[in-house]
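One structure is given here, and the rest of the page talks about it.
The values are calculated or read from the model by the stated rules, or taken from the named source; none is laboratory data. These numbers come from a predicted model, not from an experiment. Ideal geometry is used to build each Cβ from the backbone, glycine not excepted, and the neighbour counts take in all protein chains shown.
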Amino acid sequence: MSFFRPKTPSAYLLIGIAIGAVGGACAAGANQPHMQAALNSLQAARAELVQAEPDKGGYRARAITRTEEAINETERGIRYAGD
């Protein structure tokens, strides 16, 4: 299975913004200000990591992956509470 891999940091940022808009729409319906605030912080952290210098012994890449996992889990929690 292949995944889409943007070639520039700004492409990652644009993808993050698009995903964040979807997550924000879900959160608005569920009225969960703390989960939404956490989601916004995670998205901002991911954007900063993407903009950071790439060579960090693999730690930056792992941090991006784990931040994306945290974003996904937070979005799932928001959706779960909104059901």
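Within the stretch 46-63, residues that are closer than 23 Å to Ala18 by Cα sit with their Cβ atoms under 6 Å from residues that are surrounded by 12 or more Cβ atoms within 10 Å (Cβ to Cβ) and among the aromatic types (Phe, Trp, Tyr), at 6+ positions apart or across chains, in these pairs: Val50/Tyr12. The condition of being more than 12 Å from the chain's Cα centre (by Cα) and modelled with pLDDT of 95 or more holds for Met35. Candidates are the residues of the stretch 64-74 that are of a type in the set (Asp, Glu) and under 9 Å from the mean Cα position of the chain (by Cα); the one that is nearest to Ala18 (Cα to Cα) is Glu68.
For the stretch 44-83, the candidate set comprises residues that are charged (D, E, K, R) and within 15 Å of His34 (Cβ to Cβ); within that set, the residue that is surrounded by the fewest Cβ atoms within 10 Å (Cβ to Cβ) is Glu73.
Figure legend. Inter-residue proximity from the stretch 66-83: first residues of a type in the set (Lys, Arg), second residues in a helix (DSSP H, G or I), beta-carbon distance below 8 Å, spacing 6+ or different chains. Indicated pairs: Arg79/Cys26; Arg79/Ala30.
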